[in-house]
1. State yes or no: is Arg168 of a type outside the set (Asp, Glu), in contact (Cβ under 8 Å) with a residue 40 or more places away in the chain and either within 30 Å of Tyr43 (Cβ to Cβ) or touching a helix residue (DSSP H, G or I) at 6+ places or on another chain (Cβ under 9 Å) (or both)?
2. For the range 129-148, give me each residue that is within 16 Å of Gly112 (Cα to Cα), free of Cβ contacts under 8 Å to residues at least 24 places away in the same chain and surrounded by 15 or more Cβ atoms within 10 Å (Cβ to Cβ).
3. Restricting attention to the range 50-93, and to residues there that are of a type outside the set (Ser, Thr, Tyr) and assigned to a helix (DSSP H, G or I), which single residue is farthest from the chain's Cα centre (by Cα)?
4. Evaluate the range 55-65: report whether one residue or more is at pLDDT 85 or above and either under 17 Å from Thr150 (Cα atoms) or among the acidic types (Asp, Glu) (or both).
5. One residue is enough: does the range 103-114 have a residue meeting the conditions over 21 Å from the mean Cα position of the chain (by Cα) and without any contact (Cβ under 8 Å) to a residue 12 or more places away in the chain?
6. Any idea which residue in the range 171-194 is surrounded by the fewest Cβ atoms within 10 Å (Cβ to Cβ), counting only those that are in contact (Cβ under 8 Å) with a residue 60 or more places away in the chain and out of contact with any His (no Cβ under 9 Å at 6 or more places or on another chain)?
7. Do you know which residues across the range 161-201 are modelled with pLDDT of 95 or more, among the charged types (D, E, K, R) and more than 17 Å from Arg93 (Cβ to Cβ)?
8. Please state which one of Gly99, Gly119, Gly112 is over 15 Å from Ala177 (Cα atoms) and either at pLDDT below 95 or among the small types (Gly, Ala, Ser) (or both).
Amino acid sequence: MSRPRPASPVATLLAGGVALVLAAVTFASCRQDMQDSPRFRPYRASDLYADGSSARPLVEGTVARGHLDDDELLHTGKVNGQISPLFPFPITRADLDRGQDRFNIYCSPCHGRTGEGNGMIVQRGFKKAANYHIDRLRQAPAGYLFGVITNGFGAMPDYKSQIPVEDRWRIIAYVRALQLSHDAPASDVPSDERQKLGGGK
């Protein structure tokens, strides 16, 4: 029995090319882009569900990852349903610096950089903002201030969507620092800092 003759290199290349073209055509014809798949447009009506809405409610009892919010003081400013004077975490110098930064961005346009209620928005004719240095707000519990930032008060809108929970507490800590500095006696300032301020010894 004679052995089969090996295919020539040209024939091998030709056969490989044909196979490659056939594979490309096959895969191209089976392509299904995700944007062409069935889907609902947000807030459009749907005949598929009994309520006629394409938007589906969250499954009852489920909580998004990271949103359990089981720390009552941290997330509400309350303990056992009562407004608390406590902070939910120890305040460090870094927290005060962050609080000052966030205060200057979100609060100072109305309340002013020193918290006296005379920010640039007020100077342009809008309603005067609260002065943090009045007795009522100096004596207000930290949890009360947290509630105002979170839920708004009077003409002030809520900031819960703009300011993360921890940053709201840092802003309150900075407001407390402003309140302390507003009427602080010179004796409360370290001597080396008094010299920098020109206050002598």
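The values are calculated or read from the model by the stated rules, or taken from the named source; none is laboratory data. In this text, all values refer to a predicted model and were calculated from it rather than measured experimentally. Ideal geometry is used to build each Cβ from the backbone, glycine not excepted, and the neighbour counts take in all protein chains shown.
1. Answer is no for this residue.
2. Asn131
3. Arg93
4. Yes, the range 55-65 contains at least one residue that is at pLDDT 85 or above and either under 17 Å from Thr150 (Cα atoms) or among the acidic types (Asp, Glu) (or both).
5. Checked against the condition, which is being over 21 Å from the mean Cα position of the chain (by Cα) and without any contact (Cβ under 8 Å) to a residue 12 or more places away in the chain, the range 103-114 yields at least one hit.
6. That would be Ala177.
7. Answer for the range 161-201, where residues must be modelled with pLDDT of 95 or more, among the charged types (D, E, K, R) and more than 17 Å from Arg93 (Cβ to Cβ): just Arg168.
8. Only one candidate passes the filter, namely Gly119.
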